[in-house]
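Chemist: Here's a structure for you.
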Amino acid sequence: MGGKSSKPSKADQTKIEELERQQKMLMKQNADLAKRFAEQEEENQRKHQENVEEMAKMILLMALQAGAHETVIKKESREIEIDGVTYELMEFVNRGGFGEIHKGKIKGKGTIVAIKVMDYTPALDQELKNEIEFLRLMKKIPIQNHPVIEYYGSKLTKEGIFIAMELAACDLATFWISKINEGDAQELGIIGMIIILYVLRALTFLEKLNIIHGDIKPQNLVIVPNEKSFSIKLIDFGTVEKMNTRVAQMTVDITKGFTLYFVSPEFLKRNSKNLICRHLHKKSDAWAAGVMFYLLFCGGIPWDDQQDYENFCNDPHAKDPVVPDIGGYKAIIELLLKKNPEQRSSAKATLLQLQAHPVFGKLVEALRPNFGPVDDVCNMRVPNDVRQGLLRLARPGHVASDDSSGSTSGARMSCRYGRNCTRNDTDHQQKFAHPGDSDYRAPQAGAEGGKPACRYGADCFRKDPDHLEKYSHPTKCRYGADCYNNDPDHRKQYAHSMKDTSRTIRSEKPRCRFNEGCTKRSDREHMKNFLHD
């Protein structure tokens, strides 16, 4: 009891000192290793940044080269004054259903601009007024790398209406088609992803304003060069519509123009009288973006012809388009091409998923210093006078619609918070149904805690608390994308992640010649070596 403590022997003391010396040496080695790792990571980030900067210069050069091949219909030499500024028209460069495009410059300054000339008719009066008013309002929103073409002024003459605006190098269709056969697959993959990111940014900008462009297609997104890089901007707002914030869908009249395939299924769907419904959903532009990405990156569209597409729109059992596994875009495009607009991903949701992606997220960060932030539109502030001005864009005869293809009964959507909702205000109660209401739809099977299931399922990359609190996510199979168990019960019980898109971008695996008829899908070695649909 209470024995005396003895001092360590000389041999023990030597061992302790040796252990302390080894520990210090090990700590120093760990510190040196950590320093080298940090330096290597910094070097990797620097090289990645340099690669993105080079890619920006390459895209800018490619856009300028594509624009240099623009056909000049005829040379011009005349002047016109628009809103107190004199412009010298130099070249007539394009003609289309929208009117004519002329290239001009500000007299005495040399600044090159585009001047759009349209025939003025009473039938186009509202459309022209909407486009000009929208462009004027957009100038009032302070945002870096503005996603809408800059408006300079307009003038009505006997020839028609002249609209002066920012000059673009070329549209996305001209840019991509002219360069699709150049460069290696990895470069094209990165360029394609940059295009997707900035198109989604532009559409997220419109979503924040509750605006539907109504004619999203490669010809209506243009590349505008600046000193060091470029911007991707939206043009042609004659079909723009202001949505009522309380509903997800509206019905437009028979004069509403559209472009086949890019117009969403809910628009072409026929009612019980066999008349086209002409519905526009708040995610109609997202559908058009999905078709555009499919066309640009897959080299075609998923339908054979107009009849095939209209049958797809009106067949209640038609399956969503399947996107070829090319370039790493498959999951992105498929979520935009959901036939049911309630299941379709919005531009903002898709953009946030890409930002949280372990590979594409790094690209988003690398783009920031060269092009400006990609996600700034998600939190932008809209001046009150702009919001009030946008309300005046609502057209007579275009009314809010309660008939949504994703709803089963009632006009309201189901509140995502269910029984956990704490909002009692009238606006919220009028817009959303809650448990106990006749039009409330329970969350999908598999949702936990009353939360609706995230549409991205196991492929969701978002980890922010706000998203995780709102949506439930399925349990992942331990084998993930490498699982070859195709038993229906297994597939129903466990979620399986999509293939690693960072590998897909660089994938050069040959396609299995048997494709859907392949009988070796359970052979791991075979599946690693060959691509299958």
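The values are calculated or read from the model by the stated rules, or taken from the named source; none is laboratory data. Note that the structure is a prediction, hence the values are computed from the model and not measured. Here the Cβ is made from the backbone with ideal geometry for all residues, glycine too, and neighbour counts use every protein chain on show.
Chemist: So, in region 241-271, how many residues would count as being more than 24 Å from residue 431 (Cα to Cα) and among the β-branched types (Val, Ile, Thr)?
Modeler: Adding up the residues that qualify gives 4.
Chemist: Still on this structure, please answer the following. Residues of region 97-137 being under 13 Å from residue 236 (Cα atoms) and either in a helix (DSSP H, G or I) or without any contact (Cβ under 8 Å) to a residue 12 or more places away in the chain (or both), which ones?
Modeler: 97, 127, 128, 129, 130, 131, 132, 133, 134, 135
Chemist: From the list 323, 263, exactly one residue is part of a loop (DSSP other than H, G, I, E, B), within 30 Å of residue 118 (Cβ to Cβ), without any contact (Cβ under 8 Å) to a residue 40 or more places away in the chain and not small (Gly, Ala, Ser). Which is it?
Modeler: Numbers: 323 fails: within 30 Å of residue 118 (Cβ to Cβ).
After ruling out the rest, the residue left standing is 263.
Chemist: Separate question: Restricting region 288-346 to residues that are acidic (Asp, Glu) and over 24 Å from residue 248 (Cα atoms), which is surrounded by the most Cβ atoms within 10 Å (Cβ to Cβ)? Write out each step before concluding.
Modeler: Of the residues in region 288-346, the ones acidic (Asp, Glu) are 304-305, 308, 310, 315, 320, 325, 334, 342.
Pick out the ones that are also over 24 Å from residue 248 (Cα atoms) and you get 304-305, 308, 325.
Numbers: 304: 10, 305: 11, 308: 12, 325: 19.
Only one residue fits best here, namely 325.
Chemist: Which of the following residues is buried (at least 20 other Cβ atoms within 10 Å of the Cβ) and touching a Lys or Arg at 6+ places or on another chain (Cβ under 8 Å): 263, 222? Show your work before the answer.
Modeler: Details: 263 fails: touching a Lys or Arg at 6+ places or on another chain (Cβ under 8 Å).
On inspection, the qualifying residue turns out to be 222.
Chemist: Among the residues of region 196-219, which ones are surrounded by fewer than 21 Cβ atoms within 10 Å (Cβ to Cβ) and among the basic types (Lys, Arg)?
Modeler: Selection gives 208, 217.
Chemist: Hey, another quick one. Looking at the structure I just gave you, is residue 229 small (Gly, Ala, Ser), in contact with a Leu (Cβ under 9 Å, 6 or more places away or on another chain) and under 28 Å from residue 126 (Cβ atoms)? Step through it out loud before you land on a result.
Modeler: Values: small (Gly, Ala, Ser): yes; in contact with a Leu (Cβ under 9 Å, 6 or more places away or on another chain): yes; under 28 Å from residue 126 (Cβ atoms): no.
Answer is no for this residue.
Chemist: Given the residues 188, 156, 137, which is the only one that is under 24 Å from the mean Cα position of the chain (by Cα) and at pLDDT 85 or above?
Modeler: Working: 188 fails: at pLDDT 85 or above; 156 fails: under 24 Å from the mean Cα position of the chain (by Cα).
Just a single option satisfies the conditions, and that option is 137.
Chemist: Give the number of residues within region 352-385 that are charged (D, E, K, R), in contact (Cβ under 8 Å) with a residue 12 or more places away in the chain, in a helix (DSSP H, G or I) and under 22 Å from residue 141 (Cβ atoms).
Modeler: Within region 352-385, the subset charged (D, E, K, R) is 362, 365, 368, 375-376, 381, 385.
Checking which are in contact (Cβ under 8 Å) with a residue 12 or more places away in the chain leaves us with 362, 375-376, 385.
Pick out the ones that are also in a helix (DSSP H, G or I) and you get 362, 376, 385.
From what's left, under 22 Å from residue 141 (Cβ atoms): 376, 385.
So the answer is 2.
Chemist: OK, next. Mind checking which residues of region 483-507 are closer than 27 Å to residue 193 by Cβ and modelled with pLDDT of 70 or more? Reasoning before the result, please.
Modeler: First, pick out the residues of region 483-507 that are closer than 27 Å to residue 193 by Cβ: 483, 495-507.
Matches in region 483-507: 483, 495.
Chemist: To continue, here is another question. Please count how many residues of region 281-320 are touching a residue at least 24 places away in the same chain (Cβ under 8 Å) and assigned to a helix (DSSP H, G or I).
Modeler: Result for region 281-320: 21.
Chemist: Here's a follow-up. Which numbered condition in (1) within 30 Å of residue 136 (Cβ to Cβ); (2) at pLDDT below 75; (3) buried (at least 18 other Cβ atoms within 10 Å of the Cβ) is the only one that residue 396 fails?
Modeler: (3)
Chemist: Residues that are over 26 Å from residue 356 (Cβ atoms), outside the structural domain of residue 520 (by TED's automatic domain parsing) and at pLDDT 65 or above: does region 464-478 have at least one?
Modeler: Step one: list which residues in region 464-478 are over 26 Å from residue 356 (Cβ atoms), which gives none.
No - not one qualifying residue is present in region 464-478.
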